[in-house]
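Below is one structure, written out as structure tokens; the observations come after it.
The values are calculated or read from the model by the stated rules, or taken from the named source; none is laboratory data. As the structure is a prediction and not an experimental result, all values here were calculated from the model. Positions of Cβ are backbone-derived with ideal geometry, glycine not excepted, and every protein chain shown enters the neighbour counts. Side chains are part of the model used for accessible areas, which takes the heavy atoms of the whole protein and leaves out ligands, DNA and RNA. Shrake-Rupley method; radii C 1.70, N 1.55, O 1.52, S 1.80 Å.
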Amino acid sequence: MFLSKDNKIKWRLLGFSAIVVIVLCVLGVAWFDKPLYVLLRNLDCGLFKIFEYVFDAWVWLVGFGIVTLYVYIKKILKSPNSFKNNVKNLKLISIIKDAYAKVKNNYAFWMFCSVLCASVIGKILKICIGRFRPVFFEALGITGFKPFATDWAFNSMPSGHTFATFAALVMVGMLKPKYKPLTWSFAILIGVSRVAVGAHWPTDVLLGAFIGMVVADFVLAHFRK
């Protein structure tokens, strides 16, 4: 979305979009989050509860990590000498450099990096923002913020499932444009599901989606250089 065909970040579009997202988040907290949340809660279903486990950030990371490891091992078996020498001489830095050289052009590694970066950024924001989860609203009728809290109950914004899913699927859509309508539709569905199951507010999902998109663009731009 923010990456041009010649592999350059569209900074003006990115800046404008960031402002729009921030404004919408503020408006959501002040006004439309509650009614939209109540509306989307009616969409809750068993499938969305399955999504909660299948599309967690850790699942994405483990999945792409396993594929990346498989690619690395496969390449080691084809040319084992450099790896054996580095292990024999205890050259950890050399092993890391060798591993990076072998997997840096692999799509699974790109998506692993995209999800990992989005997860780090998202987790930091979750703690710094400290937004109450909707469970407080449903049980006690209250909302609010508790900045720098590490407890799950106060880490609602942004949505972790959403930024991880967008980081992965937006990347897939850019690598395989013919699948973009499918990947985007599915990523949006995952985001909606997080509100429907009562885990997040709509603006939590909005911010999570934006983070995932931006990170995917930057990671892809880096590896395409």
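In the chain, if the dipole is taken from +1 on Lys/Arg beta carbons and -1 on Asp/Glu beta carbons about the Cα centre, which of Ile93, Phe109, Val170 is farthest to the positive end?
Positive-end residue among those listed: Ile93.
Taking the Cα centre of region 153-225 as origin, work out the dipole magnitude from +1 charges on Lys and Arg Cβ and -1 charges on Asp and Glu Cβ, in debye rounded to 20.
About 360 debye.
Cut-off 10 angstrom, C-alpha nodes, Gaussian network model of the chain. Which of Leu182, Leu24, Leu206 fluctuates the most?
Judging by the Gaussian network model, the answer is Leu182.
Tell me the label-point distance for the pair Tyr70, Ile19, using the 7 Å Cα-to-Cβ offset, in nm and rounded to one decimal.
4.6 nm
Just from its helices, what would the mean residue ellipticity at 222 nm be for the chain, if runs of 4 or more DSSP H residues each count -39500 (n - 2.57) and the sum is divided by every residue, rounded to the nearest 500 deg cm²/dmol?
-23500 deg cm²/dmol
Å³ per residue of the Cα convex hull, for region 95-225?
In region 95-225, the Cα convex hull volume per residue is 104 Å³.
In whole Hz and in residue order, list the ³J(HN,Hα) couplings for region 148-154 that follow from phi through the Karplus curve 6.51 cos²θ - 1.76 cosθ + 1.60, θ = phi - 60°; x for Gly and Pro.
After applying 6.51 cos²θ - 1.76 cosθ + 1.60, I find 6, 8, 9, 5, 3, 5, 10 Hz.
Show me the ranking of peptides 101-110, 187-196, 158-167 by mean Cβ neighbours inside 10 Å, starting with the highest.
Highest to lowest by the protection proxy: 158-167, 187-196, 101-110.
Against the longest principal axis of the chain, how steep is helix 92-103, in degrees 0 to 90 to the nearest 10, with axes from Cα atoms?
80 degrees
Would you work out the Kirkwood radius for the chain? I mean one over the mean of 1/r across all pairs of different Cα atoms, in Å.
Result for the chain stands at 18.9 Å.
Add +1 for every Lys or Arg and -1 for every Asp or Glu among the other residues with Cβ under 15 Å from the Cβ of Lys8, and state the total.
+3
Between region 152-225 and region 1-60, what's the alpha-carbon centroid distance in Å?
If we compute the Cα centre of each part, the gap is 7 Å.
Sum up the charges of everything whose Cβ sits under 15 Å from the Cβ of Pro177, counting Lys and Arg as +1 and Asp and Glu as -1, but leave Pro177 out.
Summing Lys/Arg as +1 and Asp/Glu as -1 gives +4.
Which of the peptides 135-141, 34-40 is most tightly packed, and how do the rest follow, going by the mean number of other Cβ atoms within 10 Å of each residue?
34-40, 135-141
Could you work out how far apart the two model spin labels at Leu36 and Lys5 are, taking each label as a point 7 Å from the Cα in the direction of the beta carbon, and quote it in nm?
3.3 nm
With a 1.4 Å probe and all protein chains left in place, how much accessible area per residue does the chain have, in Å²?
55 Å²
Probe radius 1.4 Å, ligands and nucleic acids ignored: give me the carbon and sulfur share of the accessible area of region 131-225 as a rounded percent.
Summing carbon and sulfur atoms, their accessible area is 69 percent of the total for region 131-225.
Please give me the summed charge of the neighbours of Ala221: other residues whose Cβ is under 15 Å from its Cβ, Lys and Arg +1, Asp and Glu -1.
Net charge around Ala221: +4.
Name the long-range amide H neighbours of Ser156: under 5 Å, sequence gap of 5 or more, or other chain; modelled H, no Pro or chain starts.
Answer set, sorted by chain and number: Arg131, Arg133.
Report ³J(HN,Hα) in whole Hz for each residue of region 61-71, in order, from the Karplus equation J = 6.51 cos²θ - 1.76 cosθ + 1.60 where θ = phi - 60°; Gly and Pro get x.
Computed from phi, the couplings for region 61-71 are 5, 5, x, 5, x, 5, 5, 4, 4, 4, 4 Hz.
List the residues whose amide H sits under 5 Å from the amide H of Leu3, counting only those 5 or more places along or on another chain, with H placed 1.01 Å from N in the peptide plane.
Close amide H contacts, sequence-distant or interchain: Lys10.
About the Cα centre of the chain, how large is the charge dipole given +1 on each Lys and Arg Cβ and -1 on each Asp and Glu Cβ? Please answer in debye to the nearest 20.
Rounded to the nearest 20 debye, it is 1220 debye.
What are the residues whose amide H is under 5 Å from the amide H of Phe145, where those residues sit 5 or more places off or on another chain and H is modelled from the backbone?
Placed amide hydrogens put Phe132 under 5 Å from Phe145.
By accessible area of protein heavy atoms, probe 1.4 Å, what ranking do Cys113, Cys128 get, highest first?
Cys128, Cys113
Work out, step by step, the length gained on full extension between Leu140 and Tyr179: first 0.36 nm times the residue separation, then minus their alpha carbon distance; give nm to one decimal.
Going from the current span to full extension adds 9.7 nm.
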